[in-house]
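Right, one structure below, let's go through it.
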Amino acid sequence: MRYFNFIFFSLIGLSAIKTQAQTQTDTLTTIRQCIDIAIKNNLVVKQSDLDMQRLRVSYIQAKENMLPSLNGQVDHSINSGRSVNPFTNSYVTQSYTSGNYSLNANLTLFSGLQNLNAIKQTSLAYQAGKMDFQQAKDQVTINVITAYLLVLDNAELLTQAYNQLDVSKKQVERLEILEKDGANKLPSDLYDLKGTQGDNQLNLVNTKNTLEASKLSLMQILNIPYNRNLKLEPVSVRDVAKQTDENADQIYSTALEQLAYVKAAELRRQSAEKGVKVAKGALSPSISLFGGVFTNYSSAAQTSVFRDSSTVNTGNYVNTPAGKQSVYTTQANFDNKNIGYYDQFKNNYSTQFGVSLRVPILNYFQNKNKVKLAKLDYQESKYIEENTKIVLRQNVEQAYLNMTSAYNRYNVLVDQVKAYAESFRTAEIRFNAGVLTSVDFVVAKNNLDKANINLINARYDCFIYNKVLDY
């Protein structure tokens with residue numbers, strides 16, 4: 001998808017390309033690698049892929065329903081007692097075996113355009129399944145991006161925590177030297193700075209825990225075991241804290257054209273519309289061609305075979321001058337012989353061909369009720385499509401507001417950090433010169449530390465909200 005390619009390339013383009021030694025326990029993972037791993041391992045994505053494949057099979061089946069059907073049938077039986085000889089259609093009392101063989105074909109010529117509309121319906125459903133599959137991958141991608149950036153955000157906050165602790169340590173070490181030399185005029189300053197150092201150490205521990213929790217969250221999205229040594233490639237976000245050039249309405253219009261789940265809702269509505277036509281088609285007469293080839297076999301089938309001829313007395317006589325003379329005739333003698341299997345298979349061969357017209361008259365009103373249900377499904381799909389667009393507009397408006405607020409907050413914090421940095425610089429100089437109390441120094445340091453933390457969070461907020469709007 002174009003919008004997601006933009007996210008990929010923008011993130012990859014912003015990634016700081018660094019070369020460093022890698023070990024088995026300390027690897028550098030890019031955001032693209034995380035996305036690929038998450039999509040590969042995510043069970044929701046896999047399930048969506050299976051759903052898409054099922055819809056594809058249904059679509060292929062709908063097209064194949066246009067082909068003629070061809071079926072063969074073979075029946076073999078053993079008969080005993082009084083039964084009808086299939087060869088002579090007369091009753092016999094004997095045991096015999098019989099077999100019937102047929103090959104039937106059927107081709108639907110017209111069925112209310114059900115097959116054509118079913119092809120369109122399943123095709124649209126398959127396209128919607130593709131969009132669902134894409135949406136599943138998109139959702140995983142945006143979750144990975146957010147979790148990935150949260151890890152980087154916490155990693156930068158950890159660096160800031162180390163810097164805070166380092167400043168406190170240096171001041172405590174300086175005051176301890178002065179205390180030892182007896183040059184410290186206010187002993188309370190040392191304890192104030194030690195308390196601040198303790199706060200910084202606690203903040204460092206909390207930040208470490210938060211960083212590990214964000215790593216765990218990312219690895220759970222990737223569906224891989226937790227590895228505290230996982231290293232992520234940093235993404236430069238210092239120059240991306242800016243507003244998008246488009247307003248909320250423009251972003252919404254673009255999203256309507258490109259977002260996968262919006263397209264899926266539209267395609268399902270169109271598929272449901274075709275479903276109504278499929279249901280209506282069942283109310284129409286159907287015309288089909290049919291044909292078949294048939295043959296059979298019976299072990300009781302026999303034929304007479306000429307053996308020889310003989311002269312026999314007919315029982316009649318004629319009067320002659322010599323007296324009565326018997327009348328003789330030549331008689332052909334035959335033997336009964338079973339007809340062979342292959343001869344019967346060939347001789348009993350027959351074919352059938354015809355046209356069938358089926359008119360639905362009364363079928364428990366099933367077809368009419370199916371039309372009603374199809375119309376209800378269509379109406380429901382329209383509501384779902386409409387609600388999808390409403391929720392999309394709300395999400396765009398919320399994301400745009402979040403981005404604008406983050407951008408304004410970021411700009412204020414940039415100026416605030418500059419001001420507090422200068423304030424702390426002068427406070428440190430004065431404190432080192434002994435003309436500023438430790439309380440004032442700690443206040444100046446805390447103000448700068450808080451401003452730096454807020455700036456880091458605001459910078460990543462701007463980046464994330466911009467990526468959400470890009471999506």
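Treating each Cα of segment 39-94 as an identical point scatterer and summing with the Debye formula, the log10 of I(q)/I(0) at q = 0.15, 0.19, 0.22, 0.29 Å⁻¹ comes to -0.68, -0.82, -0.90, -1.07.
Annotation note: trypsin sites (Lys or Arg not before Pro) in segment 329-418 located in DSSP loop regions with a Cβ neighbour count of at most 10 within 10 Å are absent. Taking each of LYS46/LYS215; LYS63/LYS274; LYS277/LYS372; LYS208/LYS418; LYS137/LYS382; LYS40/LYS63 in turn, the alpha-carbon distance tops 20 angstrom for LYS46/LYS215; LYS208/LYS418; LYS137/LYS382; LYS40/LYS63.
For the chain, averaging the sequence separation of C-alpha pairs within contact (under 8 Å, six or more residues apart) and dividing by the residue count gives a relative contact order of 22 percent.
Kirkwood analysis of the chain, using all unique Cα-Cα pairs, places the hydrodynamic radius at 31.9 Å. What does a probe at LYS337 reach in segment 288-326, counting residues whose amide N is under 19 Å from the point 7 Å along Cα→Cβ? Under 19 Å, as judged by backbone N against the label point of LYS337, lie 298-310 of segment 288-326. Net charge dipole, segment 93-228: roughly 580 debye, given to the nearest 20, about the Cα centre with Cβ charges of +1 for Lys and Arg and -1 for Asp and Glu.
Extension gain for the segment PHE290 to TYR328, taken as residue separation times 0.36 nm less the Cα-Cα distance, is 7.9 nm to one decimal.
In summary, the aspartates and glutamates within cross-link reach of LYS445, defined as a Cα separation below 17 angstrom excluding same-chain residues under 8 places away, comprise ASP166, GLU173, ASP189, ASP192, ASP199, ASP415, GLU422, GLU428. Remark: the chain carries a charge dipole of roughly 1820 debye about the Cα centre, counting +1 on each Lys and Arg Cβ and -1 on each Asp and Glu Cβ.
Listing TYR349, TYR460 from fewest to most neighbouring C-beta atoms within 10 Å gives TYR349, TYR460. Annotation: amide H of LEU232 within the under-5 Å range of THR29, sequence separation 5 or more or interchain, hydrogens built in the peptide plane.
Panel order for ASP132, ASP51, by other beta carbons found within 10 Å of each beta carbon, from fewest to most: ASP51, ASP132. Listed by Cβ neighbour count within 10 Å, with the fewest neighbours leading, GLU428, GLU64, GLU212 appear as GLU64, GLU212, GLU428. Ordering TYR407, ASN395, TYR383 by Cα displacement along the dipole of the chain toward the positive end leaves TYR383 in first place; charges were set at the Cβ atoms of Lys, Arg (+1) and Asp, Glu (-1).
Values quoted throughout were computed directly from the atomic coordinates according to the rules given, and no laboratory measurement underlies them. Computed from a predicted model, the values in this text were never measured in an experiment. With ideal geometry, Cβ positions are generated from the backbone for all residues, glycine too; neighbour counts draw on all protein chains shown.
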